[in-house]
Amino acid sequence: MDWFANIEYLITGNPRQQNAYKVLKALKILERLSQYNPVLSGTIPIEIDIPSSDLDIICQCEDHQEFSLNISSLYGDKKGFQKQTDYYDGIESTVVKFQEESFKIEIFAQNKPVLQQNAYKHMIIEYKILKTKGLAFRDKIIALKKEGYKTEPAFAKLLGLKGDPYKALLKVEI
């Protein structure tokens, strides 16, 4: 289920999605990082973004040092460029952040297929929930995000999920 693996759907999306498409194409992120199987993830693809939402690109990489060098050579001159390699859920991960036009860009890489990474799984589950619950639910999620909630905690709150919202959301079956 790789519904969002190709960003062409953004062309006919809302104005922010169309702008995201233009920025991603101008940066050539998906082409330049193709060896890492990049996928746009997060709130913009599923239309629950707010003005401060970033463009989240998830990647798979085996060698974080090589990935860091490649990213630095491609985007190291971008405004606010930062990169850090650390462990998330016990998996070595590299996070790269920078600004391009009106978007914050965040690139996240792990040695795990992108369609199996939690960011992608969360997005697919959230997408299915939104399709099931409808526009009023979507509006409530966006309102919570505007109040400062992160996406997964907003879903957990509205769905009454207990415990860690990031883990609880992964257990939701739609």
Check off (1) over 24 Å from LEU144 (Cβ atoms); (2) in contact (Cβ under 8 Å) with a residue 24 or more places away in the chain for GLU8 and give me the number that stays unchecked. (2)
Filter segment 73-92 down to the residues that are outside any strand (DSSP E or B), touching a strand residue (DSSP E or B) at 6+ places or on another chain (Cβ under 7 Å) and surrounded by fewer than 18 Cβ atoms within 10 Å (Cβ to Cβ) and list them by number. LYS78
Residues to consider are ILE29, ILE48; find the one that is surrounded by 13 or more Cβ atoms within 10 Å (Cβ to Cβ) and under 30 Å from GLU147 (Cα atoms). ILE48
Looking at segment 101-115, can you tell me whether even one residue there is in contact with a Ser or Thr (Cβ under 8 Å, 6 or more places away or on another chain), among the charged types (D, E, K, R) and in contact (Cβ under 8 Å) with a residue 60 or more places away in the chain? no
Which condition number in (1) surrounded by 15 or more Cβ atoms within 10 Å (Cβ to Cβ); (2) under 24 Å from GLY134 (Cα atoms); (3) not aliphatic (A, V, I, L, M) is the one that ASN14 fails? (1)
Among the residues of segment 131-174, write down those that are under 19 Å from ASP56 (Cα atoms), touching a residue at least 24 places away in the same chain (Cβ under 8 Å) and in contact with a helix residue (DSSP H, G or I) (Cβ under 9 Å, 6 or more places away or on another chain). ILE141, ILE142, LYS145, THR151, GLU152, PHE155, TYR166, LEU169, LEU170
Considering (1) over 30 Å from ASP77 (Cα atoms); (2) outside any helix (DSSP H, G or I), say which one PHE137 fails and leave the rest. (2)
Answer with yes or no whether ILE125 is more than 21 Å from PRO51 (Cα to Cα), of a type in the set (A, V, I, L, M, F, W, C) and modelled with pLDDT of 95 or more. yes
Condition check: surrounded by 20 or more Cβ atoms within 10 Å (Cβ to Cβ) and either among the acidic types (Asp, Glu) or within 20 Å of MET123 (Cβ to Cβ) (or both). Does ILE58 satisfy that? yes
Odd one out for GLY148, checked against (1) part of a helix (DSSP H, G or I); (2) surrounded by fewer than 18 Cβ atoms within 10 Å (Cβ to Cβ): (1)
If you go through segment 94-121 one residue at a time, how many are touching a helix residue (DSSP H, G or I) at 6+ places or on another chain (Cβ under 8 Å), in a strand (DSSP E or B) and of a type outside the set (Val, Ile, Thr)? 5
From GLU8, GLU66, which residue is within 26 Å of TYR127 (Cβ to Cβ), in a helix (DSSP H, G or I) and of a type outside the set (Phe, Trp, Tyr)? GLU8
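The values are calculated or read from the model by the stated rules, or taken from the named source; none is laboratory data. Note that the coordinates shown come from a computational prediction; the quantities given were computed from them, not determined experimentally. Neighbour counts run over all protein chains shown; Cβ positions are idealised from the backbone, glycine included.
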